[in-house]
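For reference, the structure discussed in these notes is given below.
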Amino acid sequence: MRRPRSARRAAAAPLRWQECASCGARQDENAALTSCPACGGLLDVKFHLPREDAVRLRRRFEARVRAAGPPHEVSGVWRFREFVLEPDPAPIVSFPEGNTPLLTSARLAAWTGCEGLYVKHEGLNPTGSFKDRGMTVGVTQAMRVGARAVACASTGNTSASLAAYAALAGVPALVLVPSGNVALGKLAQTLAYGARTLVVRGDFDACLSLARDASAQLGVYLLNSVNPFRVEGQKTIVLELLQQLGWNPPDWIALPAGNLGNTAAFGKALHEALGSDLITTMPRLLAVQAAGAAPFYQSYEEGFAERYRVAAETVATAIRIGDPASWDRAVAAIRTTDGRVLAVSDDEIFEAKAVVDAAGIGCEPASAASVAGIRQARRRGIIAPGARVVAVLTGHVLKDPGALIHYHQEAEPAPARRNAPVEIGTRLEEVERELHRALARDL
Ligand code: F0G
């Protein structure tokens, strides 16, 4: 007997819940929690994958690319709502976000030795980093659960993003950042968007521990990537790049790895995309850490036998993290994708950044770790010559003006790719001389 239409629709509606990754205890979708009340473990959002066939699902995603209407209708996050969060009568807090370009660059391809290189530029989100993808979902969820205030610890991008989305939603925001280790653009944004900004005399790991205590004891809703709804939003980086590639997956997806929320999100997205036949082969993740902040790399090298904590030090302040929170989820992501973890030095990061910047693409230091990692992986034969590879650039070039000025004007010895400004008088000959120098430059 055919079931009535409404019953069929109800059966197909994906039901969501939160589930502890450690003990498996389930919580309601709208429970205002960011850790398991039974054992303190991290929560995951679980849902039934859409039952429709992949062709129809892809067609629906495609139709939404050309949608018109309120911000969330054109968002590169909410386009994939079946895999993120089903909108309900509560308002969706969206700018919109996502819809970031997938670029190619002959110069970057040559420098990395990877002809099939694409660059997914997440720095072109509304507040200049990929964090907006998780934050639209996280702040929407905060409104659903009736949060009186939202909070996060941050190396700068999460705080800028939280500040903006909280302002958009009209909910008070509290952010905790490590003293002396937040890039100027990020701090400036956070202040401008009106978040109460606490500069903590401690590192990021201390900030996160304090933010978790504040969440548990003061009742503020925590919006770090330990919040599983943030992860759901960040999955759309992968879904969107797969869509841009016509659902023909790349061989590798490279990303910088700090607190490991994004590594976890990418693994979950790929697992779900494969599970619902949106793709039929699994890309491999290349998670790249800064050598001075590489506990995950160290553990990977030993088969993940042990979890490490380190005192982190790197000029890529976004990933200056010694005790990553999403550890277990990220281990699962590397395992399910047969991924690799690498570490790159600050010099490698800055050289990669200079090449990305001079290609006209631009990114912040931490983002360049993905490109530096790809070059290292090609040189070591980890990535094969003809491989198709996507490098995710996580933040905008203007996020860290201090690092740029240092590189181009101050660093000693002068880096090979320095482009220092030239002071001149008011004579045309001086302009002509510099024109010749510009023309002689090898691009
Ligand atoms: N790239 C940028 C630009 C980041 O800001 C971050 C993290 C990462 C990469 C690493 O992502 O932590 O998910 O492994 N920034 C966080 C913040 C920690 O507070 O803005 P991850």
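The values are calculated or read from the model by the stated rules, or taken from the named source; none is laboratory data. Given the structure is predicted, the values throughout are model-derived calculations rather than measurements. Quick reminder, even Gly has a Cβ in these numbers, built from the backbone with ideal geometry, and neighbours come from all protein chains shown.
From the list Ala273, Ala265, exactly one residue is small (Gly, Ala, Ser) and more than 10 Å from the chain's Cα centre (by Cα). Which is it?
Exactly one residue qualifies, and that residue is Ala273.
Yes/no per residue for (1) surrounded by fewer than 17 Cβ atoms within 10 Å (Cβ to Cβ); (2) within 17 Å of the chain's Cα centre (by Cα); (3) more than 28 Å from Asp357 (Cα to Cα):
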site	(1), (2), (3)
Gly113	yes, no, no
Ala142	no, no, yes
Gly146	yes, no, yes
Gly180	yes, no, no
Gln189	no, no, no
Gly194	yes, no, yes
Thr197	no, no, yes
Gly202	yes, no, yes
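I'd like to verify a number: residues in the stretch 130-153 that are more than 10 Å from the ligand (Cβ to nearest atom), under 17 Å from Val226 (Cβ atoms) and of a type in the set (Lys, Arg), how many?
Selection size over the stretch 130-153: 1.
Among the residues of the stretch 271-281, is there at least one that is crowded, with 24+ Cβ neighbours inside 10 Å, within 21 Å of Ser225 (Cβ to Cβ) and either at pLDDT below 95 or away from the ligand (no atom under 13 Å from the Cβ) (or both)?
Checked against the condition, which is being crowded, with 24+ Cβ neighbours inside 10 Å, within 21 Å of Ser225 (Cβ to Cβ) and either at pLDDT below 95 or away from the ligand (no atom under 13 Å from the Cβ) (or both), the stretch 271-281 yields at least one hit.
I'd like the full set of residues that are closer than 15 Å to Pro178 by Cβ and basic (Lys, Arg), limited to the stretch 284-319.
Scanning the stretch 284-319 gives no hits.
Grab the helices (runs of 4 or more DSSP H) fully contained in the stretch 207-302, keeping just those with 2 or more residues being within 23 Å of Cys363 (Cα to Cα) and out of contact with any strand residue (DSSP E or B) (no Cβ under 7 Å at 6 or more places or on another chain).
The helices (runs of 4 or more DSSP H) meeting that bar are 228-244, 261-275.
What single numbered condition from (1) modelled with pLDDT under 95; (2) touching a helix residue (DSSP H, G or I) at 6+ places or on another chain (Cβ under 9 Å) fails to hold for Ala192?
Here Ala192 meets the rest and fails (1).
Tell me which of these Ala110 doesn't satisfy, since it passes every other one: (1) out of contact with any His (no Cβ under 8 Å at 6 or more places or on another chain); (2) touching a residue at least 24 places away in the same chain (Cβ under 8 Å).
Status for Ala110: all satisfied but (2).
Taking Val389 as the residue in question, decide whether it is modelled with pLDDT of 95 or more and within 16 Å of the ligand (Cβ to nearest atom).
Considered against the rule, which asks whether it is modelled with pLDDT of 95 or more and within 16 Å of the ligand (Cβ to nearest atom), Val389 comes out as no.
Between Thr394, Thr426, which is more than 16 Å from the ligand (Cβ to nearest atom) and hydroxyl-bearing (Ser, Thr, Tyr)?
Result of the check over Thr394, Thr426: Thr426.
Among the residues of the stretch 236-253, is any buried (at least 24 other Cβ atoms within 10 Å of the Cβ), within 15 Å of the ligand (Cβ to nearest atom), closer than 28 Å to Thr197 by Cα and of a type in the set (S, T, N, Q)?
No, that holds for no residue.
Among the candidates Gly373, Gly362, which residue alone is within 15 Å of the ligand (Cβ to nearest atom), in a helix (DSSP H, G or I), in contact with a strand residue (DSSP E or B) (Cβ under 9 Å, 6 or more places away or on another chain) and not β-branched (Val, Ile, Thr)?
Answer to the selection: Gly373.
Let's see how each residue does on (1) under 17 Å from the mean Cα position of the chain (by Cα); (2) farther than 25 Å from Ile383 by Cα; (3) free of Cβ contacts under 8 Å to residues at least 40 places away in the same chain; (4) part of a loop (DSSP other than H, G, I, E, B):
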site	(1), (2), (3), (4)
Phe304	no, no, yes, yes
Tyr308	no, yes, yes, yes
Glu313	no, yes, yes, yes
Ala318	yes, yes, no, no
Pro324	yes, yes, no, yes
Arg329	yes, no, no, no
Ile334	yes, no, no, no
Leu342	no, no, no, no
Val356	no, no, no, no
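Filter the stretch 324-354 down to the residues that are within 12 Å of the ligand (Cβ to nearest atom) and either closer than 13 Å to Ala293 by Cα or of a type in the set (Val, Ile, Thr) (or both), then identify the one that is surrounded by the fewest Cβ atoms within 10 Å (Cβ to Cβ).
Looking at residues that are within 12 Å of the ligand (Cβ to nearest atom) and either closer than 13 Å to Ala293 by Cα or of a type in the set (Val, Ile, Thr) (or both), I get Val341.
List the number of the failed condition for Val199; all other conditions in (1) within 15 Å of the ligand (Cβ to nearest atom); (2) in contact (Cβ under 8 Å) with a residue 24 or more places away in the chain hold.
With respect to (1) within 15 Å of the ligand (Cβ to nearest atom); (2) in contact (Cβ under 8 Å) with a residue 24 or more places away in the chain, Val199 is out only on (2).
Results for (1) outside any strand (DSSP E or B); (2) within 13 Å of the ligand (Cβ to nearest atom), shown as yes or no for each residue.
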site: Thr155; (1), (2): yes, yes
site: Leu168; (1), (2): yes, no
site: Leu174; (1), (2): no, no
site: Val182; (1), (2): yes, yes
site: Lys186; (1), (2): yes, yes
site: Gly194; (1), (2): yes, no
